[in-house]
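Visitor: I'd like to ask you about the structure that follows.
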There are 2 protein chains.
Amino acid sequence: MPANTTFRPPSVAQVEVAGFWGARVDAVASRTADILYDRCVEARMLEQIDPDIPSPGVVIPFHSMSPTGNEFTGATVTTQMFWDSDWGKTIETAAYSLYRRRNDELERKIDAVIDLFGKLQQEDGYLSSWYQRIQPGLRWTNLRDCHELYCAGHLIEGAVAYFQATGKRKLLDIMCRFADHIGEMFGAEPGKRKGYCGHEEIELALVKLGRVTGQRKYLELARYFVDQRGQQPHYFDEEARARGADPKDYHFKTYEYNQSHKPVREQNKVVGHAVRAMYLYAGMADIAAEFADDSLRTALERLWNDLTSKNLYVTGGLGPSAANEGFTSDYDLPNETAYAETCASVALVFWASRMLGVGPNRRYADVMEQALYNGSISGLSLDGSRFFYENPLESRGRHNRWKWHRCPCCPPNIGRMVASIGTYIYGLGERAVAVHLYGDSSIRFEVEGREVVLTQASRYPWDGAVSIKFDMDRPLRFKLHLRIPGWCPRAQLTINGEGVDVEDVLADGYVTLDREWEGTDVIRLDLDMPARRIYANPRVRQDAGRVALARGPIVYCVEEVDNPEPLHSLVLPSATSIEAVEAPDLLGGVVTLSGQAVADRSSDWGDTLYRSARPVREQTMVRAVPYFAWDNRQPGEMRVWLRDEP
Amino acid sequence: MPANTTFRPPSVAQVEVAGFWGARVDAVASRTADILYDRCVEARMLEQIDPDIPSPGVVIPFHSMSPTGNEFTGATVTTQMFWDSDWGKTIETAAYSLYRRRNDELERKIDAVIDLFGKLQQEDGYLSSWYQRIQPGLRWTNLRDCHELYCAGHLIEGAVAYFQATGKRKLLDIMCRFADHIGEMFGAEPGKRKGYCGHEEIELALVKLGRVTGQRKYLELARYFVDQRGQQPHYFDEEARARGADPKDYHFKTYEYNQSHKPVREQNKVVGHAVRAMYLYAGMADIAAEFADDSLRTALERLWNDLTSKNLYVTGGLGPSAANEGFTSDYDLPNETAYAETCASVALVFWASRMLGVGPNRRYADVMEQALYNGSISGLSLDGSRFFYENPLESRGRHNRWKWHRCPCCPPNIGRMVASIGTYIYGLGERAVAVHLYGDSSIRFEVEGREVVLTQASRYPWDGAVSIKFDMDRPLRFKLHLRIPGWCPRAQLTINGEGVDVEDVLADGYVTLDREWEGTDVIRLDLDMPARRIYANPRVRQDAGRVALARGPIVYCVEEVDNPEPLHSLVLPSATSIEAVEAPDLLGGVVTLSGQAVADRSSDWGDTLYRSARPVREQTMVRAVPYFAWDNRQPGEMRVWLRDEP
């Protein structure tokens, strides 16, 4: 299938992490994974998939599903059409967590959930708790709005992960039967429906299914869904008319919302619902790699450029608007009202990692790192128990983590991403290993049938010093690709103490070392990691006259608890030197950034609202903490973009 | 009734205006007044009040009445419960306009409207097109939500104005009968209902009715409505239960929305719907003056302080939030999303002018002027034909004037205010005349039974030089009060060429000249009017690091058409000198403000979204125009608060 030059992520089993990501994975494995299952049960999601009990809950209309920030209280039970997907991601999170920590009780519970899906599945392979239990008789009548194939996709991903982690085939077999049924219903062949899902996801899931089963038909079905999207006559128009509805009577007005406004190869702007867009592009990237499809690749590069040059928050968040949970117009990046859904940043990580499938390239890995360390893991509290749906870059103190959500897509999404972090750190090619991300970890892989263990030791992201060693029973020749991050002003590399000129061997932002490696070799990479100021393109109205702080991959914010409030009074003059300070007891151990700032003084302003004299300035200190760690102490104001002055 | 020290506005008939206000009044008298009638007809509002034809339209529920910014197209006809009020204000605007310009056709049309109201009125005096034609049988069942007494109030104001302008009593008699009926239904006396309106207005209207008819009972009814508001047991609770509803099931959650959360004398924060609040306070000020009620006066002063020190836009706009069309929290003054309804600024002018009822005081007149020259008349296009409902202080170019509105309260409100501008310029007391505002105009009044004509000549607000002369047939002693605006750094005064030390005779911001005046006397007042910078209290987060420009009473803004865009790139360094430039051909003749600014350059930024180097600065010129005149040319960006740098 893949050409020799392609790179694939390792499996979760191949990578062990410690240090920064070790702590995050531990939080998921020891708390989040169980919490996801427990919350699903509290929300009465078990009842929806259990065919032996009456259909539960209250059906709520599609358009009232938008998140409200309310915690789940158990008082109001609502039934959601996308709950199967939440089970899928919960299963996937549990599966990855089992590599980290044995959890027999959770495994038993997941087995029981899988049993229910098995009982629920119809003879013909069809499986949807919504259409079997809540809206019987209506299956395949509204692909545009009703997440039917999306749910299938997430259950497939869960099935693949659970099979890999436990060896248990039951859910995998269930989902293969369902995938076969889907393949009978949809496709380019005469007699099949020309549909595809309004919420992309099935595409990338079928690629995973094809890879784990070795069945090319699943890859081909995924390719069909990608190729058919946005073709004329438009399936969603025809489908609407078939159910007696006017296609124009569409809540989101434009098919840009679900990226079916034109065929995917003609798309050049990231539009619509951000998570849908990222899932589509991730699926396209898989298909581009699996089928060596340059036309898809070209489209993806245009879309990548559009996202990263005009529509991405500095945190790696994306999709500024709550109205469409997605994109608005170029350079529109409001801070306080940023939607920047956790799922969208997680999905950007998925897309970026797949763009690395044709080889190491900093263009993608830098953004993957940006989303990983900032706008995605901000969605999970440090202890793994509470969540953000939206990830604004500014808050007056009332945006706080919640226990659960009416639309609980984000918790299991961040859970599965963190628990499988090893698959993003490394990439494996033919006689090649790429180190995309740094930090305490090791990976096992084979070269010429012999096992190699590559071990990184590093305090990254708090320190840029990395050492790499190998463990193998005889010398082996392979390529080692080491990323030199775009944020790094100076990188020094030695092999067994001998310096290597990084610039000499740099291509696409990676150092490539092609030699015969021995078990005694020691590579040292020192990435300079000064605190730095970040300015936004002047076209971004919301960041005009503002500056953000970062160090290495970490974007910082100021929180009320550490600073004089109100935070809008703080100004960071350009002459201020920013100092990195180790804070081992703060927020699980972080590096903070501190500097001298000035603040507009309101205490002596008096009782007037306006005056002709500028506010008096007073000296103060500013202390910034990593953005991902905000709102883990008492609630308060937060902002990423501080006022700047030359 | 009033004590000797009270001041009352002159009637519209007593004042003639030219210059700045003359042009505005001409626009209303020659265009707006007719347009108001025509749009009401287009919206099928005649059909609602005509008892001889079937009840028209589609009833739309209360909560879908919030303005959407859509123009009235005639395609969708919706019937509004507050249309009687729009007729009332349309009649009032027409009435005042008749002083300026004879308009027999409009007068004939208004007479016909009045005839319909006459036919509609019930035997017992009751009059409401909504409750008689759309929801029969439900009168007086929902004072909280349904604008029943509010509509009566506006029709009373229209009746008083039309009687004064034309001498025609018909509508006045109709409304006296209705007011009598209201007085039978509501009051403190046993057997009467203890109600009052959810939307204040009847209070100030009854004061006008009392004054024009000389009937004290209307003043007393007004006082009852003021006194009863917010008393326990709460009328809106009892009324809700009486119609079988749960009082807690209230869309706006809190009675702060309609200022009935506590008795008015206990109120100390401006809260809820801004127009309702201003109308209430205006009515309270009337009652305080008519009944010499110091407890009301004390409450009003607290409320005034709360509004002007924490909750007023620099434009004299108020009520930042669309959700409640009103106030949020102290110092919350968002610029782009400012609701700042035209009606609210108009109503602030009403309140402020009534606060001058106990004597000239700059504390009130300065704010009246601020609202008059900025946030109120911004609601009317220069030609008098198009309107703003919201008056934001920043726009990306998509906030544009509309032809009509589903909730058409603002057009006739700004129309009646402008057409009666003379009543705000002057105040008349016993042997006293106060000049609250400057500008080409004259007022006729009597002293000792002799007519005095005071004539101002001034290019105000574009120039601070004012000359005042008298025309009278013999010398007369009276006090002349001249306001020295708070924004004025230096005022020079001469009488017949002899200097008067302003500071010596200044009290409450007014110079008081008490002498025997002769027809040959010439007063010259020179108010220095430098361009000035305005800074907001540092507690206002949205204006942090921003500066506004003003000159005299005029607040300025920058528009895209005059400046390099995007406007968020512009920075006004403190060293910049701001120059006032006469622009006789621009926007009907204005003074612009110009200065050197710098702008963040985006042209050479390239294709990246973020970088470590601050944007390059380039020199540019900034040209500001009066805020009230914005969006009278091509659509584009606008902002009042510019980026500031020390």
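Visitor: In whole Hz, with x marking every Gly and Pro, tabulate ³J(HN,Hα) for the range A:513-530 from phi via Karplus 6.51 cos²θ - 1.76 cosθ + 1.60, θ = phi - 60°.
Guide: Per residue, the Karplus-derived 3J(HN,Hα) values read 10, 10, 7, 7, 9, 10, x, 9, 5, 10, 9, 10, 10, 10, 9, 4, 9, x Hz.
Visitor: Sticking with this structure for a sec: Relative contact order, percent, of the range A:534-645 when contacts are C-alpha pairs under 8 Å separated by at least 6 residues?
Guide: 38 percent
Visitor: For chain A, would you read off the P(r) tail past 42 Å as a percentage of all alpha carbon pairs?
Guide: 24 percent
Visitor: Here's something else I'd like to know. Counting alpha carbon pairs within less than 8 Å and at least 6 residues apart, what relative contact order, in whole percent, applies to chain A?
Guide: The value is 14 percent.
Visitor: Divide the volume of the convex hull of the Cα atoms of the range A:534-645 by its number of residues and quote the answer in cubic angstrom per residue.
Guide: Cα convex hull per residue, to the nearest whole number: 130 Å³.
Visitor: Based on the alpha-carbon gyration tensor of the protein assembly as shown and its eigenvalue square roots a ≥ b ≥ c, which shape applies: rounded if a/c is under 1.5, prolate if not and a/b is larger than b/c, or oblate?
Guide: prolate
Visitor: Leaving ligands, DNA and RNA out of it, report the carbon-plus-sulfur percent of the accessible area of the range A:416-469 at a 1.4 Å probe.
Guide: 39 percent
Visitor: Counting only C-alpha contacts under 8 Å and six or more residues apart, can you give the relative contact order of the range A:431-527 as a whole percent?
Guide: It comes to 31 percent, rounded to a whole number.
Visitor: In addition: How much FRET efficiency would the formula 1/(1 + (r/R0)^6) give for residue A:322 and residue A:30, where r is the Cβ-Cβ distance and R0 is 45 Å, rounded to 0.05?
Guide: Once rounded, the FRET efficiency stands at 0.85.
Visitor: Which whole number gives the average count of other chain Cβ atoms within 10 Å of the Cβ atoms across peptide B:326-338?
Guide: Neighbouring Cβ atoms belonging to other protein chains average 1 per residue here.
Visitor: Now, a different point. Once you average over the residues of B:538-549, how many Cβ atoms of partner chains fall within 10 Å of each Cβ?
Guide: 5
Visitor: Between copies, how close do the residue B:173 label points come, placed 7 Å along Cα→Cβ, listed in nm from shortest?
Guide: Ordered by increasing distance: 9.5 nm.
Visitor: Now for a separate question. Residue by residue through the range B:562-579, which ³J(HN,Hα) values in whole Hz follow from phi under the Karplus form 6.51 cos²θ - 1.76 cosθ + 1.60 (θ = phi - 60°), with glycine and proline marked x?
Guide: So the Karplus estimates, Gly and Pro as x, are 9, 9, x, 9, x, 5, 5, 7, 6, 10, 10, x, 5, 6, 4, 8, 9, 10 Hz.
Visitor: Could you give, in nm with one decimal, how far residue A:501 is from each other copy of that position, shortest first, with labels 7 Å out from Cα toward Cβ?
Guide: With the label placed 7 Å along Cα→Cβ, residue A:501 yields 8.4 nm.
Visitor: Taking the Cα centre as origin and putting +1 on Lys and Arg beta-carbons and -1 on Asp and Glu beta-carbons, what dipole magnitude results for the range A:534-645, to the nearest 20 debye?
Guide: Dipole magnitude for the range A:534-645 comes out near 480 debye.
Visitor: What's the total accessible area buried between chains A and B, using a 1.4 Å probe, rounded to the nearest 100 Å²?
Guide: Accessible area lost upon association: around 4000 Å².
Visitor: Take every DSSP beta bridge whose two residues both sit in the protein assembly as shown, then give the antiparallel share in percent to the nearest 5.
Guide: 90 percent
Visitor: Under a cut-off of 19 Å between alpha-carbon atoms, report the lysines in cross-link reach of residue A:170, not counting same-chain residues fewer than 8 places apart.
Guide: Here the lysines satisfying the reach criterion relative to residue A:170 are A:89, A:109, A:119, A:208.
Visitor: Tell me the Kirkwood radius of the range A:260-411: reciprocal of the mean inverse pair distance over distinct alpha-carbon atoms, in Å.
Guide: Evaluated on the range A:260-411, it is 15.6 Å.
Visitor: Still on this structure, please answer the following. Per-residue Cβ counts within 10 Å, from other chains only, averaged over A:525-537: what number is that?
Guide: Per-residue shielding by partner chains comes out at 3.
Visitor: I'd like the GluC sites (Glu not before Pro) in the range B:430-461 restricted to DSSP loop residues with at most 14 other Cβ atoms within 10 Å, sorted by number.
Guide: B:430, B:448
Visitor: Toward the positive end of the charge dipole of the range B:201-272, about the Cα centre and with charges on Cβ (Lys, Arg +1; Asp, Glu -1), which of B:242, B:207, B:267 goes farthest?
Guide: About the Cα centre, the residue reaching furthest to the positive side is B:207.
Visitor: Provide the solvent-accessible area of residue B:351, counting protein heavy atoms only and rolling a 1.4 Å probe, rounded to the nearest 10 Å².
Guide: Roughly 0 Å² of residue B:351 is accessible to a 1.4 Å probe.
Visitor: For chain A, with every protein chain kept in place, what is the accessible area per residue (1.4 Å probe, Å²)?
Guide: So chain A comes to 35 Å² accessible per residue, rounded to a whole number.
Visitor: Shortest first, in nm, what separates the label point of residue A:30 from those of the same position in the other copies (7 Å along Cα→Cβ)?
Guide: In ascending order, 8.1 nm.
Visitor: Considering the options B:535, B:500, B:470, tell which one lies farthest towards the positive end of the dipole of the range B:441-547, charges being +1 on Lys and Arg and -1 on Asp and Glu at the Cβ, about the Cα centre.
Guide: B:535
The values are calculated or read from the model by the stated rules, or taken from the named source; none is laboratory data. Here the structure is a predicted model, which is why all the values come from computation and not from measurement. We place every Cβ from the backbone using ideal geometry, glycine too, and count neighbours over all the protein chains shown. For the accessible areas, the whole protein counts, side chains as well, though only heavy atoms, and no ligand, DNA or RNA atoms are used. Shrake-Rupley method; radii C 1.70, N 1.55, O 1.52, S 1.80 Å.
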